[in-house]
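One structure below.
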Amino acid sequence: MKLLAVQRSMRDHLISGADEITAQIHGDASPRLAVYHHAYRAQLLDCLRDTFERVWAWLGDTGFEAAARSYIESHPPRSWTLGAYGDNFYRTLSGLYPDDREVAELAWLDWSLRCAFDGRDATPVAAGALSDIDWDHAILCLVPTLRMRSISTNCAAIWTALSEKSTPPAAARLRAPMALRVWRKGFAPHFRAVDSIEQHVLLMACDGASFAAICTAIAERTESARAPEVAGALLAGWLQDGLIIAVENR
Amino acid sequence: MPGTTVASFTGFGLGLRTPHYQEFLGGDVSVDFVEVISENFMVQGGRPLNVLAAVRERYPVAMHGVSMSIGSADGVKLDYLIRLKALADRVQPLWVSDHLCWTGIEGFNSHDLLPLPYTEDAMRIVCANILLAQDVLERPLLLENPSTYMSFADDEMSEWAFLSEMCRRTGCYLLLDVNNIYVSASNHGFDPLAYLAGVPTERVRQMHLAGHSANGRGLLIDTHDHPVSDPVWSLYQAACARFTGVATMIERDDDIPPLSDLLAELDLARALAAAWQRAA
């Protein structure tokens, strides 16, 4: 049998247990193929446990392993790096736990923090470097590790409690829409829960909107008299968090 | 290809693993080189690359990969090779190694080191892939003998004969994993000393030592979660008698002990190698 056919048969065995490969194996194939069949799944399970540590803690061993095995059976890895495995796990969890939205939101947070960990480097600007900016034409450039997602539950509080090995709060729906922003400062990934105004204007900044347009959007979403104060507070927070890597005048 | 040879490096090293980062960053760990898993550092940024740069300032580094899939019938992936080349340019390693195996096909990646049939068909594909990889990387590769748990009815030659011919056709070098020889010899019933005798001495640049486990179904598994076993130390002695000017490294990837434990194992490797040098 040609190598390509052998490898297709082995792939099919690993993914689905197809037994065409058995005829190609010297001697008793069953215990030998079992080593590979087991190792394939065990490694992917370990990878998911490592990446989704808080989801694992939240669901417990049995619940997490069932979800992970469901993901493994439906998502054969396609990337050369094991680090990319798990990119759709939160979607699988969303389907498995439609009434427990905190599960998928915890998974998104675990995944995004992992992505931020070894994402592209960038140096944040210091607040003192912004003295000569023409703010009417300024455009904020944000760290490349920044990710955001709307949330509907107290997943942030749950994640924090789990990471501190303390008793997590019960899952609860949020009264107002919120978002999580995830980024890396120095070598440490961070996250923060933000309101819908900050989420909206940060997405505008990611799309290259000017700071003037951001201020206008803030004014449209808050009492106009408070808009400069809100914009100033947001800018100060972004600088403090190391989100801004450049301010360009265009 | 600018570099067609890999210089010998006689030294004793350990793998750079996360629990030991701080000690290696301190710079006074008594190793001659460190080996890194290439894929762990083929990332965009962050702490891993920072640690690697700092370690590289203190130690020579060997790059050891697990995802090249040199035996894939649909070829090695150019995007992978380009990223690996970028890391090699950054690290300036002693050498770049991977395994004689395949990990995936047609977009699927098992993330396991899967065995190849030792046939002329596989030889042609492996050699074509090695030549392409060496061209892109602009350096010869070291290929490691895998631990295997099955062999193929169509096999036309032994693993060591396959390795020898592969080196002859491509100019690549070998990373000889002594534990893998022992594990595969046990699993397939061949003589590990015959294996050593069949490997071309001039192509071996590095040896790996590691621990293994029995799976309870008659097979040994290359688990890297135990100290090196006595039979593997014995086989290492035989390897030292045959191969000179070779680097030795102890692999530990699970149940990772304190660095001092691994350094003690490395001292044993030094002592065994020195005994054979004195005898030679």
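For segment A:162-174, the criterion of being surrounded by fewer than 16 Cβ atoms within 10 Å (Cβ to Cβ), touching a residue at least 60 places away in the same chain (Cβ under 8 Å) and more than 21 Å from A:Arg91 (Cα to Cα) is met by at least one residue.
You will find that of B:Met166, B:Met157, the residue that is aliphatic (A, V, I, L, M), over 25 Å from B:His224 (Cα atoms) and touching a Phe, Trp or Tyr at 6+ places or on another chain (Cβ under 7 Å) is B:Met157 and no other. Can you name every residue in segment A:34-70 that is more than 14 Å from chain B (Cβ to nearest Cβ) and either touching a Gly at 6+ places or on another chain (Cβ under 6 Å) or among the polar types (S, T, N, Q) (or both)? If the condition is that a residue be more than 14 Å from chain B (Cβ to nearest Cβ) and either touching a Gly at 6+ places or on another chain (Cβ under 6 Å) or among the polar types (S, T, N, Q) (or both), then A:Thr62, A:Ser70 are the ones that fit.
Of all residues in segment A:1-50, which are within 18 Å of B:Glu156 (Cβ to Cβ) and surrounded by fewer than 16 Cβ atoms within 10 Å (Cβ to Cβ)? Hits for segment A:1-50 are A:Lys2, A:Leu4, A:Ala5, A:Ala23, A:His26, A:Gly27. Go through (1) within 14 Å of another protein chain (Cβ to nearest Cβ); (2) in a loop (DSSP other than H, G, I, E, B) for A:Asp99 and report which single condition fails. Of the numbered conditions (1) within 14 Å of another protein chain (Cβ to nearest Cβ); (2) in a loop (DSSP other than H, G, I, E, B), the odd one out for A:Asp99 is (1). On the stretch given as segment B:67-81, residues that are within 9 Å of chain A (Cβ to nearest Cβ) and either in a loop (DSSP other than H, G, I, E, B) or crowded, with 19+ Cβ neighbours inside 10 Å (or both) total 9. The set of residues from segment A:83-94 being part of a helix (DSSP H, G or I) and either away from every other protein chain (no Cβ under 14 Å) or buried (at least 18 other Cβ atoms within 10 Å of the Cβ) (or both) comprises A:Gly83, A:Phe89, A:Tyr90, A:Arg91, A:Thr92, A:Leu93, A:Ser94.
Just one of the listed residues (B:Thr201, B:Thr248, B:Thr223) is among the hydroxyl-bearing types (Ser, Thr, Tyr) and exposed (fewer than 15 other Cβ atoms within 10 Å of the Cβ), and it is B:Thr201.
Here A:Ala161 does not fit the description of being out of contact with any strand residue (DSSP E or B) (no Cβ under 6 Å at 6 or more places or on another chain), among the hydrophobic types (A, V, I, L, M, F, W, C), part of a loop (DSSP other than H, G, I, E, B) and modelled with pLDDT of 95 or more.
Kindly evaluate B:Val51 against the criterion of being within 14 Å of chain A (Cβ to nearest Cβ), surrounded by fewer than 22 Cβ atoms within 10 Å (Cβ to Cβ) and within 16 Å of the chain's Cα centre (by Cα). Taking the combined requirement at face value, the residue does not satisfy it.
To keep it simple, each residue is scored yes or no on (1) on the phi < 0 side of the Ramachandran plot; (2) free of Cβ contacts under 8 Å to residues at least 24 places away in the same chain; (3) basic (Lys, Arg).
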| residue | (1), (2), (3) |
| --- | --- |
| B:Ser69 | no, no, no |
| B:Ser72 | yes, no, no |
| B:Leu78 | yes, no, no |
| B:Arg83 | yes, no, yes |
| B:Ala88 | yes, no, no |
| B:Pro93 | yes, no, no |
| B:Val96 | yes, no, no |
| B:Leu100 | yes, no, no |
| B:Ile105 | yes, no, no |
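Total residues in segment A:107-125 satisfying the condition of being part of a loop (DSSP other than H, G, I, E, B) and either in contact with a helix residue (DSSP H, G or I) (Cβ under 7 Å, 6 or more places away or on another chain) or surrounded by 22 or more Cβ atoms within 10 Å (Cβ to Cβ) (or both): the figure is 2.
Let's see how each residue does on (1) among the acidic types (Asp, Glu); (2) in contact with a Phe, Trp or Tyr (Cβ under 6 Å, 6 or more places away or on another chain); (3) touching a residue at least 40 places away in the same chain (Cβ under 8 Å):
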residue	(1), (2), (3)
B:Ala197	no, no, yes
B:Glu251	yes, no, yes
B:Leu262	no, no, yes
B:Arg278	no, no, no
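Taken over segment A:58-82, the criterion of being part of a helix (DSSP H, G or I) and surrounded by fewer than 19 Cβ atoms within 10 Å (Cβ to Cβ) is satisfied by A:Gly60, A:Asp61, A:Thr62, A:Gly63, A:Glu65, A:Ala66, A:Arg69, A:Ser70, A:Glu73, A:Ser74. Taking B:Phe152, is it of a type in the set (Phe, Trp, Tyr), within 14 Å of chain A (Cβ to nearest Cβ), under 22 Å from B:Ile221 (Cβ atoms) and touching an Asp or Glu at 6+ places or on another chain (Cβ under 9 Å)? It is false that B:Phe152 is of a type in the set (Phe, Trp, Tyr), within 14 Å of chain A (Cβ to nearest Cβ), under 22 Å from B:Ile221 (Cβ atoms) and touching an Asp or Glu at 6+ places or on another chain (Cβ under 9 Å). Inside segment B:35-45, can you point out the residues that are crowded, with 21+ Cβ neighbours inside 10 Å and not in a helix (DSSP H, G or I)? Across segment B:35-45, the qualifying residues are B:Glu35, B:Val36, B:Met42.
The single condition among (1) within 14 Å of another protein chain (Cβ to nearest Cβ); (2) in contact (Cβ under 8 Å) with a residue 24 or more places away in the chain; (3) surrounded by fewer than 19 Cβ atoms within 10 Å (Cβ to Cβ) that B:Ala214 does not meet is (2).
The values are calculated or read from the model by the stated rules, or taken from the named source; none is laboratory data. Treat the numbers as computed from the prediction; the structure is a model and nothing was measured. Here Cβ is always computed from backbone atoms with ideal geometry, including for glycine, and neighbour counts include all displayed protein chains.
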